[in-house]
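Below is one structure, written out as structure tokens, with a few remarks after it.
The values are calculated or read from the model by the stated rules, or taken from the named source; none is laboratory data. Being a predicted model, the structure only gives us computed values, none of them experimental. In this analysis, Cβ positions are derived from the backbone assuming ideal geometry, glycine residues included, and neighbour counts consider all displayed protein chains. We work out accessible area using only protein heavy atoms, side chains counted, and drop any ligands, DNA or RNA first. Shrake-Rupley method; radii C 1.70, N 1.55, O 1.52, S 1.80 Å.
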Amino acid sequence: MAVLPCSQAWSAPTQQRFNDWLVTCNNQNFCVTRNVGLHHGLVMTLSRSAGAVTDASLRIELGGTGNPVATLAPIAPRLLLDGKPLPLTDKRWHIEDKLIKTADSVTIDAFLQQVQEGKALSLASGLQTISLQGLKAALFFIDDRQKRVGSETAWVGKGEEPPLSVPPAPALRAVASAETAQSPLGREELNDLMDYGNERMTNSHCSLDPFRREIRVTALTDDKVLLMTSCESGAYNTVWLAWLVSRQRPYVARQVRLTLPFQPPGEAPREIELINASYDDRRHELVTLDKGRGAGDCGIQTRWRFDGQRFSLSRYAQQPTCDNWQGPDAWPTLWITR
């Protein structure tokens, strides 16, 4: 029981890079690390949950958002460690043409012991490379973050402490959801709100060409709508303004401001702009997507849930390295809720 209160003290999310490896640990101390940079589509990903249970996963896969790999030969027979064949004889590996994976902790431990002092994993007759520079430091960071150093469950800092000495995951914060609108917007109601949005847009200090501006109206509840207008635009990012507006005249509006419940990595402010904002009707969430470049393989994605009064953060994902590997929905998460 004495462990539980102090486990809350180390639940702030973090993201750090160690040479060619990026580590992300979210607010539940679930940690994931992978090689980043010039890998040409060959990536090894390790993930692990907090707590005594050795809930881990290791994946080596060939793919990505901008890497043509469909016609390439299977990777397992071609896998090399520092130029020498690396056979995977353990039966607990699941092997497909473009994917090698396991969730068996003993197999993962043995593999990491084998490769963590190496320089690179590569494929015979291919350009694809997994740099191992920084892997050991990344593994130790995860051990330290999850308070495993000195435990039998540690990847690098192994000791004799039993698994139950590892603190459990911090409690997962809940975000309430308002009862969604039962009555859709009628044509007349929508036209009136669009006219009101035009007034708002005209009175806002925005640099976007008036002919390129957009207005979006979404019914959130039976008495509130989300009104959004585009305001500023760059090459691949557009900043939106948003208001919570009553559905009945005279309209009462309150500007939407999004504030993170944690300090994001670096010097970034906690209040964020509504960049490339949209509303996900299926999940009933306001989504922002700050792209690091036009390909959309890096940047920050946030999801916010309306509780009847304000939008609360339900997911924050960030991929700082642009390397043609994943789209926004697969970026590592720093914040999750239930």
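Summing Lys, Arg as +1 and Asp, Glu as -1, what charge do residues with Cβ under 10 Å from the Cβ of Gln326 carry, Gln326 excluded? Summing Lys/Arg as +1 and Asp/Glu as -1 gives -2.
At 1.4 Å probe size, put Phe141, Phe306, Phe30 in order of accessible surface, largest to smallest. List each step's numbers first, then the result.
Numbers: Phe141 40, Phe306 10, Phe30 75 Å².
The most accessible residue leads, giving Phe30, Phe141, Phe306.
In terms of accessible area, using a 1.4 Å probe and ignoring ligands and nucleic acids, Ser183, Ser204 rank largest first as Ser183, Ser204. Taking a ≥ b ≥ c as the square roots of the eigenvalues of the alpha-carbon gyration tensor, region 14-136 is classed prolate because a/c is 1.5 or more and a/b outweighs b/c.
Estimated translational diffusion coefficient (Stokes-Einstein, Kirkwood radius over Cα pairs, 10 °C, 1.306 mPa s) of the chain: 71 µm² per second. Across region 299-316, coupling constants 3J(HN,Hα) worked out from phi with the 6.51/-1.76/1.60 Karplus curve, θ = phi - 60°, read x, 10, 10, 10, 10, 10, 10, 7, 9, x, 10, 8, 9, 10, 5, 10, 7, 10 Hz, and Gly and Pro carry x.
Nearest 10 degrees, 0 to 90: what angle lies between the long axis of helix 135-145 and the longest principal axis of the chain (Cα atoms)? Relative to the chain, helix 135-145 is tipped by roughly 60 degrees.
Charges were assigned to the Cβ only: +1 to each Lys and Arg, -1 to each Asp and Glu. The resulting dipole of the chain about its Cα centre is roughly 180 debye. The phi torsions of region 282-291, fed into the Karplus equation with coefficients 6.51, -1.76 and 1.60 and a -60° offset, translate into couplings of 5, 9, 6, 9, 7, 10, 10, 9, 8, 7 Hz, rounded to whole numbers, with Gly and Pro shown as x.
Quote the charge dipole size of region 202-330 about the Cα centre in Debye, to the nearest 20; the model charges only the Cβ of Lys and Arg (+1) and of Asp and Glu (-1). Don't skip to the answer; put the middle values down first.
Values: 17 positive and 16 negative charges, 87 e Å.
That gives a dipole near 420 debye.
Candidates Ile272, Ala295, Trp325 compared by Cα position along the dipole of the chain: farthest toward the positive end lies Trp325, with charges placed on Cβ.
Placing unit charges on C-beta atoms (Lys and Arg positive, Asp and Glu negative, everything else neutral), compute the dipole magnitude of region 102-206 about its Cα centre in debye, rounded to 20.
Working: 9 positive and 14 negative charges, 105 e Å.
Dipole size: approximately 500 debye.
Counting only protein heavy atoms and using a 1.4 Å probe, the accessible area of Ile336 comes to about 50 Å². With the whole protein complex present, Phe140 retains an accessible surface near 90 Å², based on a 1.4 Å probe.
Projecting the Cα atoms of Leu193, Pro167, Thr221 onto the charge dipole of region 161-232, computed from C-beta unit charges around the Cα centre, puts Pro167 farthest toward the positive end.
Seen against the Cα atoms of the chain and their longest principal axis, helix 187-202 is set at about 80 degrees. Using R0 = 22 Å, the C-beta based FRET efficiency linking Leu88 and Gln116 works out to 0.85.
Scalar couplings 3J(HN,Hα) for region 51-62, obtained by applying the Karplus form with A = 6.51, B = -1.76, C = 1.60 to θ = phi - 60°, are x, 5, 5, 7, 8, 10, 8, 10, 10, 10, 9, 10 Hz; x denotes Gly and Pro. Rolling a 1.4 Å probe over the protein chains gives Thr65 an accessible area of about 80 Å². The number of Lys pairs in region 66-180 with C-alpha atoms less than 16 Å apart, excluding pairs fewer than 8 positions apart on the same chain, is 5.
The GNM of the chain, with springs linking C-alpha atoms under 10 angstrom apart, assigns the highest mean-square fluctuation among Ala181, Ala120, Ala235 to Ala235. Taking other residues whose beta carbon is less than 15 angstrom from the beta carbon of Ala219, and scoring Lys, Arg as +1 and Asp, Glu as -1, yields -4.
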